[in-house]
Amino acid sequence: MSPTAKGFILLCRPGFEHECAAETEILAQRAGISGIVRTAPNTGCVHYVFHEVFDWELALEAAPFVAFVFARQRSVWVERLSELPTEDRATPLIEAIAALNIQIGRLEVETADTNDAKTLGGFLKRFIPHIERALTARRILRNNKEDLPTLHLFFKDSSQIDLGLSRPGDASPWPMGIARLRMPREAPSRSTLKLAEAFDALMTEEERNNSLRAGLYAIDLGAAPGGWSYQFAERGLHVFAVDNGPIAPSLIAGGMVEHVRADGFTWRSPRKQVEWLVCDMVEQPARIAQLVADWVASGRARRCIFNLKLPMKKRFDELKRCRQLIDARFKLHGDSYVLRIRHLYHDREEVTAYLAKTQPHGAEQEKQYRR
Ligand SMILES: C[S@@+](CC[C@H](N)C(=O)[O-])C[C@H]1O[C@@H](n2cnc3c(N)ncnc32)[C@H](O)[C@@H]1O
């Protein structure tokens, strides 16, 4: 018998539990799954507890990972072990995993992204290899079988573990949804990591290969000091860096970046169409949403990555409003589009989005992204 699901386990940035819970409730209710949210402020995790147990794969389908903005990671919650005996925590855990009666391709060890949870690091380093060896010996963990589900072990502390399941391609590829990227030494700002993460988190490999090619053009609105422009210049794209503030001289010296001192809301490109528009201007989210939707819907930019700085108190409502504005702009001429939004690891009080107009085969493009 396949495992039954008790709910969802969701990890988020501490402080964003409310938004993560709200989007989970909406997705679950849309799929006709009733349940209740369990979370607390600044814990970095949310449990959505189903009122009735469910087949775990049906539960996954009801709330695909790409539909989430604020959840860094989500799995279907299948078991909880509490009050594990300090003298032997391993045996009950291994037995509980065996009782699920499935094979897994990967083991993902998770905690909340909080200082409290970080103290578990030493314990997990000693404990997990032992579990992995035992599961491999019992042929439950099959490391080279990539199509098998991933087992998530969410440690609240060393005595309580939640077991979750996900499917490869339908969860964050990074442990706990945390993209650990190397900061390039020559990049003018740390913000460069946000765009690097966005390329990975929001686009398919095919989209990256088609659009991040030498010789193409990018416009960077709100570019200073140049962290985002750097990502394009590094890949050989030409960049118009639009900002009244200064751009790092090293970037200009590289020859790929032209500094345009202008207002990002009114400036028009000398080129009729460019591959990329990116926008990191600190402005009201609705204004940004309208601006980028106009660039992409009118065809002046083929695709766009942009950042929406969300107001503390109304993050969820504001995001909804931005989606509606974008939708309305594309509907003006009956165009279809893809819009993917995520609260990236490198985002703080903001989210990052990818927007592109789609051809008639847009549905296929979206399927690729969801894989
Ligand atoms: C968060 S910073 C951008 C950081 C940049 N993405 C990087 O990686 O270095 C926001 C920038 O937006 C610029 N900005 C704000 N409003 C603008 C506007 N109306 N037109 C052009 N730039 C604007 C500011 O001058 C500031 O440099």
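Overview of values
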read-out	value
Scope the stretch 277-313; condition more than 16 Å from the ligand (Cβ to nearest atom), of a type in the set (Lys, Arg) and surrounded by fewer than 16 Cβ atoms within 10 Å (Cβ to Cβ); matching residues	Lys313
Breaking point among (1) at pLDDT below 95; (2) touching a Pro at 6+ places or on another chain (Cβ under 9 Å); (3) crowded, with 16+ Cβ neighbours inside 10 Å, for Asp55	(3)
Boolean, Ile9 is touching a residue at least 12 places away in the same chain (Cβ under 8 Å), β-branched (Val, Ile, Thr) and either outside any strand (DSSP E or B) or buried (at least 21 other Cβ atoms within 10 Å of the Cβ) (or both)	yes
Yes/no for Ala59 being under 20 Å from Ala179 (Cα atoms), hydrophobic (A, V, I, L, M, F, W, C) and not in a strand (DSSP E or B)	no
Any hit, the stretch 188-200, residues being more than 16 Å from the ligand (Cβ to nearest atom) and either outside the structural domain of Arg303 (by TED's automatic domain parsing) or in a helix (DSSP H, G or I) (or both)	yes
Neighbours by Cβ (under 7 Å, 6+ apart or cross-chain): first from the stretch 80-103, without any contact (Cβ under 8 Å) to a residue 40 or more places away in the chain; second outside any loop (DSSP other than H, G, I, E, B)	Pro92/Leu81
Among residues of the stretch 35-56, those that are assigned to a helix (DSSP H, G or I) and without any contact (Cβ under 8 Å) to a residue 40 or more places away in the chain, counted	0
Among the candidates Ser172, Ser159, residue that is among the hydroxyl-bearing types (Ser, Thr, Tyr) and surrounded by fewer than 17 Cβ atoms within 10 Å (Cβ to Cβ)	Ser159
Residue match in the stretch 30-38 (condition: of a type in the set (D, E, K, R), surrounded by fewer than 19 Cβ atoms within 10 Å (Cβ to Cβ) and modelled with pLDDT under 95)	yes
Test: residue in the stretch 261-270 that is assigned by TED's automatic domain parsing to the domain that holds Tyr354, acidic (Asp, Glu) and within 29 Å of the chain's Cα centre (by Cα)	no
Residue in the stretch 77-87 that is nearest to Ser158 (Cα to Cα), counting only those that are outside any loop (DSSP other than H, G, I, E, B) and among the charged types (D, E, K, R)	Arg80
Yes/no for Trp276 being more than 15 Å from Lys309 (Cβ to Cβ), within 22 Å of the chain's Cα centre (by Cα) and in the same structural domain as Lys309 (by TED's automatic domain parsing)	yes
Failed item in (1) under 20 Å from Arg208 (Cα atoms); (2) near the ligand (Cβ under 7 Å from one of its atoms); (3) of a type outside the set (S, T, N, Q), with Val274 passing the rest	(2)
Criterion: over 30 Å from Phe232 (Cβ atoms) and surrounded by 12 or more Cβ atoms within 10 Å (Cβ to Cβ) - qualifying residue of Ile102, Ile178	Ile102
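The values are calculated or read from the model by the stated rules, or taken from the named source; none is laboratory data. What you are looking at is a predicted structure, and each value in this text was computed from that prediction instead of being measured. Using ideal geometry, Cβ is built from the backbone for each residue, glycine included, and neighbour counts are taken over all protein chains shown.
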